[in-house]
Amino acid sequence: MESARKADHHRKWQFRRRVLIGAAACLAISIGLTFFYRQPATPGIEDFVKSAPDIRPNEGDQVTIVLGQGKNLTLDEDQAGVAYSETGTDVRVGNQTVKQEALRDNKATYNTILVPYGKRTDLKLSDGTVVWLNSGTRLVYPAVFNEDNREVYLEGEAIFDVAHNPEKPFRVLSEHQRIEVLGTVFNVSSYPEDVETSTVLKSGSVRVSYSAKKDAAMRMTPGMRSAFNARTQKVYTQQVDPEDYFSWRDGFLSLKNHSLGEIATKLSRYYNRTVRIEDPDLAKETFSGKLDLKENVESVIGIISDATEIHFRETADAIVLTKEPTQ
């Protein structure tokens, strides 16, 4: 009888011990999961853009690279573009190479390049992707891509020749759209002051989505232009000649039925000289042709004037296009 009571007591003690161990294990797992889910996510590039100082491209008169430590590098007129080493620690600006910390606590260090009106440049990222940046453009990017994707943030206009890497998709983010590619060549125009944000695909394949139109995501094919109108909130596509949208890289502006208002905006950015149209009806008139941007702005506008019925006059701060002959 005594031995039976002892055996029963031993079984109950073993059961309680298993329950306590199980409860402790559950508690440990619960705490571990809570800790895991409450870990702050690594700040993404969009978080960085929102929290960083709002530096505009036109606040200076030289191409400027802002490194992660806050150091500024400027590109002189006679210097070539900017190139990063594979590790992102070496930044070559012309003949000068600058060292930087590409990772901090194993997290990406973001750099920013600012291209003011009247300037253009090219940039080779750490993965080998080459970017040509047009006037009035800001590009934010990590010094080295150490995550499972490659993301950059664009304000302005740029041409991307993306290094192929199927394991790390390349994404171009802007205020209104998101473009995902594996390896391709395309142009993105996303100026904050413009009503339209557009993408033109030259080769390869990209997927474009829009923050305001979740159901309008599409896969583009070469020769397609996709645009989002922030005013109407509509997306539209058309077949185009991509060279018309890549020509600025080579110092030309190819125009096919472009409005004079749009042309004036492009010339203002390219030459860093205000080109103004005071008559709204004149701004809607169209022009087609190929302009050599290596000429000065007066010569370029003179070509437009000779081919149309517009006139122009120069003021202290602008070139003004008019319908009436200047006095």
**Complete:** From the option list ARG231, ARG207, ARG219, single residue qualifying as surrounded by fewer than 17 Cβ atoms within 10 Å (Cβ to Cβ) and not in a strand (DSSP E or B) is ARG231
**Prompt:** Looking at (1) assigned by TED's automatic domain parsing to the domain that holds GLU151; (2) charged (D, E, K, R); (3) over 14 Å from ILE159 (Cα atoms), can you tell me which one ARG269 breaks?
**Reply:** (1)
**Fill in**
Across (1) more than 19 Å from ASP127 (Cβ to Cβ); (2) in contact (Cβ under 8 Å) with a residue 24 or more places away in the chain, VAL206 clears everything bar (1)
**Item:** Considering residues of region 139-175 that are free of Cβ contacts under 8 Å to residues at least 24 places away in the same chain and closer than 23 Å to GLU196 by Cβ only, the residue surrounded by the fewest Cβ atoms within 10 Å (Cβ to Cβ)
**Value:** ARG171
**Asked** For region 90-106, which residues satisfy the criterion of being of a type in the set (Gly, Ala, Ser) and crowded, with 16+ Cβ neighbours inside 10 Å?
**Response** ALA102
**Prompt:** Is there a residue in region 181-194 that is in a loop (DSSP other than H, G, I, E, B), within 30 Å of ALA102 (Cβ to Cβ) and among the aliphatic types (A, V, I, L, M)?
**Reply:** yes
**Asked** Name the residues in region 234-260 that are outside any strand (DSSP E or B) and either among the small types (Gly, Ala, Ser) or under 27 Å from THR184 (Cα atoms) (or both), would you?
**Response** VAL240, ASP241, PRO242, GLU243, ASP244, TYR245, PHE246, SER247, TRP248, ARG249, ASP250, GLY251
**Sole residue being closer than 30 Å to ILE319 by Cα, surrounded by 19 or more Cβ atoms within 10 Å (Cβ to Cβ) and in contact with a Phe, Trp or Tyr (Cβ under 8 Å, 6 or more places away or on another chain), chosen from SER190, SER198** = SER198
**Message:** Take the conditions among the basic types (Lys, Arg), in contact with a Lys or Arg (Cβ under 8 Å, 6 or more places away or on another chain) and over 22 Å from TYR191 (Cα atoms) and apply them to ARG219. Does it pass?
**Reply:** yes
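Does at least one position in region 129-143 carry a residue that is assigned by TED's automatic domain parsing to the domain that holds PRO53, of a type in the set (D, E, K, R) and in a loop (DSSP other than H, G, I, E, B)?
Within region 129-143, not a single residue is assigned by TED's automatic domain parsing to the domain that holds PRO53, of a type in the set (D, E, K, R) and in a loop (DSSP other than H, G, I, E, B).
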**Asked** If we scan region 47-68, do we find a residue that is polar (S, T, N, Q) and modelled with pLDDT under 50?
**Response** no
**Residue check, ILE263 in a helix (DSSP H, G or I), aliphatic (A, V, I, L, M) and over 23 Å from ILE159 (Cβ atoms)** = no
**Evaluation of LYS214 against (1) more than 24 Å from ALA264 (Cα to Cα); (2) out of contact with any Lys or Arg (no Cβ under 8 Å at 6 or more places or on another chain); (3) part of a loop (DSSP other than H, G, I, E, B) (one fails), failing number** = (3)
**Members of region 266-290 found to be in contact with a helix residue (DSSP H, G or I) (Cβ under 8 Å, 6 or more places away or on another chain) and assigned to a strand (DSSP E or B), listed by number** = VAL275, ARG276, ILE277, THR286, PHE287, GLY289, LYS290
**Request:** Check off (1) under 24 Å from GLU243 (Cβ atoms); (2) touching a residue at least 60 places away in the same chain (Cβ under 8 Å) for SER299 and give me the number that stays unchecked.
**Result:** (2)
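Could you please find all residues in region 120-146 being more than 29 Å from ASP105 (Cβ to Cβ) and either among the β-branched types (Val, Ile, Thr) or in contact with a helix residue (DSSP H, G or I) (Cβ under 7 Å, 6 or more places away or on another chain) (or both)?
Across region 120-146, the qualifying residues are THR121, VAL130, TRP132, ASN134, SER135, GLY136, THR137.
Residues are listed down the side, and each one gets a yes or a no for (1) under 17 Å from the mean Cα position of the chain (by Cα); (2) surrounded by fewer than 20 Cβ atoms within 10 Å (Cβ to Cβ):
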position: ILE55; (1), (2): yes, yes
position: GLY88; (1), (2): no, no
position: ASN111; (1), (2): yes, no
position: GLY118; (1), (2): no, yes
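The values are calculated or read from the model by the stated rules, or taken from the named source; none is laboratory data. Bear in mind the structure is a predicted one, so any value in this text is a computation, not a measurement. Cβ: placed from backbone, ideal geometry, glycine included. Neighbour counts: every protein chain shown.
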